[in-house]
Amino acid sequence: MSKRKRKRRTVNIGEYISANELRNYIDHADMSDLNFLETLIQQKRQLILAKEGSAEFPIFQKVEARLHEDETAMRLLIKQAGTVRLPSDFEFTPSFLYGYFRDYPTDEFFEKYADWQKTIKKLHELQTKIGPILAIREQIRQSGFTITKMRYSQRSLSLYLFIPLTQASAFEVVFGRAFDVMNLTADLAVSTTKEAASFSVRISDHVSGQFFNSKSQQLQKYHQADVNIYI
């Protein structure tokens, strides 16, 4: 491979190469180059989907609210200490934190800062998983299937899609090899299930298990989907 091609492998094509350069790259690419480009596009698509759609997930909203609480608590500690006056549009930048820890180190502020860092890490972890989940949802939509309803887990990154049962056979054909459709296949073999209006598709980062229902004070199983997709 030429030196020029090796260099292009090290940059983010979507940000640094113009449309005309990208067309030229594709025209002269071999299979390995195209595979690399396809992977880059997929990763970029997932990042954009996660950025635009993370707020759809209740678990992400809860952690984001916790981040706001952490930052509010850190601002309050600074205000109570009377060491620095913060503007209304202030953000905790690395340079500010470095200077504050150097000039006004306190255990209480450091503990809250540690909580803040853990919350940021948790948000990043959630976004990393949300991207692939939303990418699969878009793949299903773009394949021509109608999503009539969506439901989100309150406790985890589980997204339930509901698709008309009339499209179940087509779903088996299109995604039967890629996804776990065994439950759907079994249900369609039973005539009574055909009275249902839709079938469910669960996209998640974990297998379906149990949770403790505080109202009934009992262990309860999560809803069993007709199709299970794990990222």
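The values are calculated or read from the model by the stated rules, or taken from the named source; none is laboratory data. These figures come from a predicted structure and were not determined experimentally. No Cβ is skipped: glycine too gets one built from the backbone with ideal geometry, and neighbour counts run over all protein chains shown. Note: areas computed on protein heavy atoms with side chains; ligands, DNA, RNA excluded. Shrake-Rupley method; radii C 1.70, N 1.55, O 1.52, S 1.80 Å.
State all residues of segment 87-137 that are touching a residue at least 40 places away in the same chain (Cβ under 8 Å) and among the small types (Gly, Ala, Ser); if no residue qualifies, say none.
Gly131, Ala135
From the list Glu52, Glu64, Glu71, which one is assigned to a helix (DSSP H, G or I), within 25 Å of Thr39 (Cα to Cα) and open to solvent by 30 Å² or more (accessible area, probe 1.4 Å)?
Glu52
Could you please give the count of residues in segment 145-164 that are open to solvent by less than 60 Å² (accessible area, probe 1.4 Å) and free of Cβ contacts under 8 Å to residues at least 60 places away in the same chain?
Selection size over segment 145-164: 6.
Inside segment 91-121, can you point out the residues that are in a helix (DSSP H, G or I), open to solvent by 80 Å² or more (accessible area, probe 1.4 Å) and not acidic (Asp, Glu)?
Across segment 91-121, the qualifying residues are Pro94, Ser95, Tyr98, Arg102, Phe110, Lys118, Lys121.
In this structure, does Glu21 turn out to be outside any helix (DSSP H, G or I), more than 30 Å from Tyr160 (Cα to Cα) and open to solvent by 60 Å² or more (accessible area, probe 1.4 Å)?
No: the conditions fail for Glu21.
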